[in-house]
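What follows is a single structure, written as structure tokens, with notes after it.
The values are calculated or read from the model by the stated rules, or taken from the named source; none is laboratory data. Since the structure is predicted, the reported quantities are computational estimates derived from the model, not experimental observations. When we count neighbours, we look across all protein chains shown, and the Cβ atoms used for this are built from the backbone with ideal geometry, even at glycine. To get the accessible areas, we keep the full protein, side chains included, count just its heavy atoms, and leave off ligands, DNA and RNA. Shrake-Rupley method; radii C 1.70, N 1.55, O 1.52, S 1.80 Å.
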Amino acid sequence: MAMKKIFVKPHYPENLSKLLKLTDNLWWTWNYDAVNLFYRINAPLFRELRHNPIKLLYLVPKEKIHKLSQDKGFLFELEKVWQQYEEYLKQSETLKKENAKKYGFGSNNKESIAYFLMEFGVHESLPTYAGGLGILSGDFIKSASDTGIPIIGIGILYKYGYFTQRLNPDGKQEEIFIEFENYFEPLKEAQNQQKQPLYIETYVLGEKTKVKVWQTNVGTARLILLDTDIPENPSHLRDITHELYVADKEKRIQQELVLGKGGIDALNALGIKPKIYHLNEGHSAFLIVRRLQQLILEEKLSFAEARAIIRSSTVFTTHTPLIEGNENFKTDLARKYLDIELHALAISLDEFAKLAFVENKTDTFWLPALAIRFSDFNNAVSLQHKDVSREIWKALFPTRPKAEIPIDHVTNGVHSSWISESFTNILKRYLGKNISDIEDEPVLKRILDIPDEEIWEAHLKNKKILVPFVRKIISDAFVAKGYSLEKSHKLSSLLNPTYLTIGFARRFAAYKRPTLILNNKKRLTKILTNSDRPVQLIFSGKAHPADERGKEMIKEIMDYAKEYEVEDRVIFLENYDIDIARHLVWGVDIWLNNPQEEMEASGTSGIKAAMNGVLNLSTLEGWWKEGYNGRNGWAITVGKAYKDPELKEAAEANQIYELLEEEITQHYYERNKKELPEKWIKIMKESIKSVLWKFNMYRALYEYVDKFYVNSLKESDRIRSHNYKVLKEAVAEEKVVLQHWNEVNFIDFSVNIDQDEQ
């Protein structure tokens, strides 16, 4: 007999209605007063529930709810938070109106920006993300709400999210898939005009697939999520939206067709027809197919005309520094799924696939290549990554020198919600209320004048939060694995809050080199166990289920800790997520990052750490290449002198050891008469000052507006004007030129620019 889950919302007193409304908008996740309000209800349970307030209010006993409704202090705090919430919404809507006047978009749904992505990491309680890319998109959506930029996110609602990571007794990663309880989330069923749950229909291999449309509010921004796991679909269609970054290539292409095609149809069904489509990575490139279908079949435009319209209204962002890491499919697999989509357009797959090939290699269909060829606005995510991306995709522009390849850059930023409460309070007190929107150098210089005592006290507070957090994770993991209570208790007391603490947390992949610091294990052990200047290491991160090398590196760390008897100094935290990341970037002293050369597109974890006064020790890659100034942390540079990979790694590991032995630990443990590490705090202040604006997501978002969104809107409006008159004339002229191109001869060529000016 089929069983159906029914979720019944409990009844709450009327004077707590505002509390319930707060849980329906993810705005609360970046307001510390709101967060603390939920902690006040039941702090241990709130932590256990991964800071999910909806589930918290569902599980709290009725007696507790009744007491809260009678608690004048709680009701006072609730009213204060509610006023902040209303003020925020009002301010964001005002900014939207100002942006509409200033930039020309945002006054209605048709002038919004559709932001397509496979993953969105807004908060740990909404597991629709895998790692850095998703967290970046979450920061982007939050900042869009803060600034009133009319961005709508489109993604997928995954039944199991990415995966839950567990390490077995041998230190090997195991993947567990836990069902996502979407009825305990701030998710609402999107509604059609009849106020009924909204479903759309798309086709996968010609088979009708029903897609449920969900939405959640992120401040004044919206996130739309697509779901095929509904009873009306057969099992082979229901599981399309089960797992993020599923390894099965056929299931992956189905997923990306649902995202691209279904995303466009969901927007249409909601009455949203954006003028700008922002594709993040190639995963959503199949929206191009759906847009071609609309423009050619519904608006009766030619392929050339439709492509011109799509190009003018598309922004494509690449986040990958290696071509093999970009989304691609065997051409035969692409043919299987796209033939039927292109048939009605009278376009053959062979003709269309040329726009997804690289260097005339016809066996691989590259989604980023397709996206680039259908976008007038392409960008990398750091200055270094721009050069790397131009090199990767230069074959798409064979007649252009590298400097003229149309790939620009916007260096990534992070949202100010990554700044801890203690540092947020200090910065607001000395810089002003809106610490996210300060670009004036004189104001930023005030950071250098903040009393050392306040900076150090804020850092120690974060560190004291980190230690019990880590201890509980380790203790709970050991109990769950059946270890003795004695051993669990012993490990629950590990970490010393007075020791210099190094953090390394990100996806475990070979190019990120998480085990570089283990290059000389004996020397590292001496550094860790130095009686005068002890050091401890905290690692965290997931390896992709198919990445055996990544899993081996996790095991190597675990084996090292056991073999060298430093399990109290070398810790690995399972199941890296936003919550673990938050505690680490707040509470460690050093943020270690040492990817291979030109293999870090941007990286944002180090930015989050730097904003909290945590000092970076990193190779000059990605954002750190732009951010390092010699006064705000340490750079690992010696490897550039070597070509041999083994010599390079040995040299870089040696530089890490030398910096730890001779400078970093010395600065950290050297105290003045007030017991303050004066030199260390000076670097902390410089770190915060140097990144607060330059690598803030507000700055990045404004760059997208100025470089791409405004220009895209202008160009799109121009070619759409007067029933596409300009476009049709241009396409007709191009056709004539191409017909006679073989008759054109260049007799002479000259420029009038002086050599010195070139």
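Some observations on this one:
- Checked against the criterion of being open to solvent by less than 50 Å² (accessible area, probe 1.4 Å), closer than 30 Å to TYR245 by Cβ and free of Cβ contacts under 8 Å to residues at least 12 places away in the same chain, segment 555-562 contains one or more residues that satisfy it.
- VAL479 vs. criteria β-branched (Val, Ile, Thr), surrounded by fewer than 16 Cβ atoms within 10 Å (Cβ to Cβ) and either in contact with a helix residue (DSSP H, G or I) (Cβ under 8 Å, 6 or more places away or on another chain) or closer than 30 Å to ILE176 by Cβ (or both): yes
- Total residues in segment 668-689, condition in contact with a strand residue (DSSP E or B) (Cβ under 9 Å, 6 or more places away or on another chain) and not aromatic (Phe, Trp, Tyr): 4
- Some residue of segment 511-529 being assigned to a loop (DSSP other than H, G, I, E, B) and at pLDDT below 95: no
- Wholly enclosed helices (runs of 4 or more DSSP H) of segment 29-143 bearing at least 2 residues open to solvent by less than 10 Å² (accessible area, probe 1.4 Å) and of a type outside the set (A, V, I, L, M): 32-48, 72-103
- The single condition among (1) of a type outside the set (D, E, K, R); (2) open to solvent by less than 20 Å² (accessible area, probe 1.4 Å); (3) farther than 30 Å from GLU324 by Cβ; (4) part of a helix (DSSP H, G or I) that LEU494 does not meet is (4).
- Residue, surrounded by the most Cβ atoms within 10 Å (Cβ to Cβ), within segment 388-405, restricted to residues that are touching a residue at least 24 places away in the same chain (Cβ under 8 Å) and more than 28 Å from LYS275 (Cα to Cα): ILE392
- When residues in segment 376-386 are screened for being touching a residue at least 24 places away in the same chain (Cβ under 8 Å) and either open to solvent by 20 Å² or more (accessible area, probe 1.4 Å) or touching a Pro at 6+ places or on another chain (Cβ under 9 Å) (or both), 7 of them pass.
- Qualifying residue in segment 595-605 (condition: open to solvent by less than 10 Å² (accessible area, probe 1.4 Å) and either within 30 Å of GLU48 (Cα to Cα) or not in a loop (DSSP other than H, G, I, E, B) (or both)): no
- Of all the criteria given as (1) open to solvent by less than 10 Å² (accessible area, probe 1.4 Å); (2) part of a helix (DSSP H, G or I), the one not satisfied by LYS445 is (1).
- The one condition from (1) buried (at least 19 other Cβ atoms within 10 Å of the Cβ); (2) touching a His at 6+ places or on another chain (Cβ under 9 Å); (3) not in a loop (DSSP other than H, G, I, E, B) that ILE474 does not meet is (2).
- Residues that are basic (Lys, Arg) and part of a helix (DSSP H, G or I) were ranked within segment 551-594; the one that is nearest to LEU620 (Cα to Cα) is ARG582.
- Unique match (being farther than 30 Å from ILE688 by Cβ, in a loop (DSSP other than H, G, I, E, B) and open to solvent by less than 20 Å² (accessible area, probe 1.4 Å)) among LEU338, LEU345, LEU370: LEU345
- Qualifying residue in segment 306-315 (condition: within 28 Å of ARG720 (Cα to Cα), buried (at least 21 other Cβ atoms within 10 Å of the Cβ) and without any contact (Cβ under 8 Å) to a residue 60 or more places away in the chain): yes
- Picking from residues in segment 624-652 that are outside any strand (DSSP E or B) and open to solvent by less than 10 Å² (accessible area, probe 1.4 Å), the one that is nearest to ILE517 (Cα to Cα) is GLY639.
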